[in-house]
Every structure is written in structure tokens, then in C-alpha cells.
1. Can you name the residue in segment 129-156 that is assigned to a loop (DSSP other than H, G, I, E, B) and buried (at least 19 other Cβ atoms within 10 Å of the Cβ) and is also farthest from the ligand (Cβ to nearest atom) among such residues?
2. How many residues does segment 77-104 hold that are in contact with a His (Cβ under 9 Å, 6 or more places away or on another chain) and either surrounded by 13 or more Cβ atoms within 10 Å (Cβ to Cβ) or farther than 20 Å from G62 by Cα (or both)?
3. Of all the helices (runs of 4 or more DSSP H) wholly in segment 163-229, which have at least 3 residues that are within 26 Å of I107 (Cβ to Cβ) and within 16 Å of the ligand (Cβ to nearest atom)?
4. Is it true that A269 is more than 30 Å from E32 (Cα to Cα) and crowded, with 21+ Cβ neighbours inside 10 Å?
Amino acid sequence: MSNIVIIGSMNMDLVVITSRRAHPGETIFGEEFLTVPGGKGANQAVAAARLGAKVHMVGAVGNDSFGASIFQNLKKEGINTTNIQVLSDESTGTAHITVAEGDNTIIVIPAANARLSVDIIQSIRKLIEDASIVILQLEVPLTTVAYAIDLCNELQTPVLLNPAPAQALPKDMIDKATYLTPNEHEAKILFPDDELEAVLKKYPNKLIVTEGEKGVRFYDGEQLIHVPARNVEVVDTTGAGDTFNAAFAIGLTKGYKLKEAIEFANLAAGLSVGRLGAQAGMPTLEQLIQVQGEMDEKNRRHQ
Ligand code: RIB
């Protein structure tokens, strides 16, 4: 069984569903409001656990009701929560999400996530050493992310850095990550001076650029590879990137080749957008296998 350590954010997502966005100074009526657990770290943890991995979540929440429900939710998904800090003088992170016109916009208040310190990473050295892979994102302090990547390198544990939300990163951090999975927009911020194809060629079998419904691109050392996304009905894209990252990591730990791991991840991400809320649509391994089987059957019939 894959043994995955996820170091990252946990938020309560406060989601407004509306037919359009309000203009500055305007008040409009929305359609629905949801309070659901989210945060890139926690979303990736839930996606990985549903796909059958043994998952340790490492992060920080406040000693408040949002923190308590996030804890409960992770436990319900079978995720190990021993290394989650509960800070008595800080609130739990929140994400203020508007779902409108087929897409989302998100404002994150990091709160406790901003206090995830290097100390906690030092304290999980053994966990990192024993992990099949460690996954990190950028909703916790960059110093903590950098320290965790260094430790993974020292302990020879593969490390996947999902550089989201977008920000410029030091080159050595990019170099030290085993896999880097920006979306198109994040890739432009990471590599502002080069065309995407040139950048992909600089990082063979490491830089995986996700382009939503257009699929995923990487360079295998010989040629540029494009892995198409599945054509799916979209209800809410929140958490699709997180599902992709978790499933991709699982694919790798199962020994899949890079392209196969991306196909597995595309399938999982495609299923995740079918329901409202970051975690609601994330598939279980059984659901994924069933859809995979149906697709294989369809392809056979069309041959
Ligand atoms: O990637 C989606 C997540 O980003 C949301 O759940 C929200 O919490 C923000 O962190």
C-alpha cells in the first residue's frame, strides 16, 4: 500500500454559488452557500485516502469549530492526524470561494496554515524516511516547504511539489523537487522568461504541466508528450488539481510509468469535478476502476 505524507494547508471552504460575479460596489443575490472542508493539503490527503493510500496529514489548524470539523472529516476518511498541530491562539484557515460561470475564484485567509513551522517537519523525520512519497503545496510558509524538500532529498524520499497557489520560487527549490506540477498559469510565474516547450525540455520526466480540459504536458527526454483530459460534465472544478496531484502520486508509487500515472490522475480529476465542493466528487479506487473498465470496454467496441 502506498504510504503518503502530505504537508500542507487545511481550510474551511466558504462557498457561494452564483450565476455571475458581482461588480465592485454592487450587491447581487446568490443561489447557494456551502461550508465544506478544503485546503490544498487536506484535499490531497482525502483524494489519496479514497484511492486506497495510507495517508499522514501534517499541518496546523486553530482551536475552533472549523478546526474540529476538519479533524473529524480527515479521521472519517481514515487519515492519520497525529501530526496536525492545534494552535490555541490562532484561527483555522478559510477559503472564500465563488463558483460562477463554470469556474471558481478563491481568496484564502491562511491563519493557522501560516504558522506551520520547520519544528514540526523536524519532528516527522522518520515518517518522511518511511514514506513512498511526500506531497507539498504553497499554502504554508515557503521556509517550511524548503526545509521539507531538503529533508526529503537527504532521506532520498521522492517529493512532489504542487506549486499552488502561484508564486515565484527559488531555482534550487525547483531543482530539488522530484516532480513539479504547476498548471499553465503557475508555470508562467515560475518560468517567466521561457516558452513552455523550452521549459518542459529543461526538466524531463519531472515538470508536469496541467492545462485543465486541454490535458497535461511533459517531456519524456525524447519527445513532448500530451496526455488528453477526459471530456466531462463540470459542476465545480475546485479540488480537481488536488485530486490530480494525489492520484498522480499514487500512480507513481504503484510503479506506473509517468504517462500511465498521468492518465490515472486525469481520470480521477475528471470524476472529481462532477460534484459541488472540493472533496465531494473525489472518487474511491473502486469507482475509478469501474470507470476505467467502462472506458476500456467502449474502446474495444469501437475498434
Ligand atoms: O485547491 C482547492 C483549494 O484551494 C480549496 O479547497 C481552498 O481551500 C483553497 O485552498
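Bear in mind these aren't lab numbers, they're just calculated from the coordinates by the rules spelled out. Bear in mind the structure is a predicted one, so any value in this text is a computation, not a measurement. For neighbour counting, all protein chains shown are included, and Cβ atoms are generated from backbone atoms with ideal geometry for every residue, glycine included.
1. Going through the qualifying residues, I end up with A131.
2. So the count comes out to 4.
3. Details: elements: 171-176, 184-190, 196-202.
Per the criteria, 184-190.
4. no
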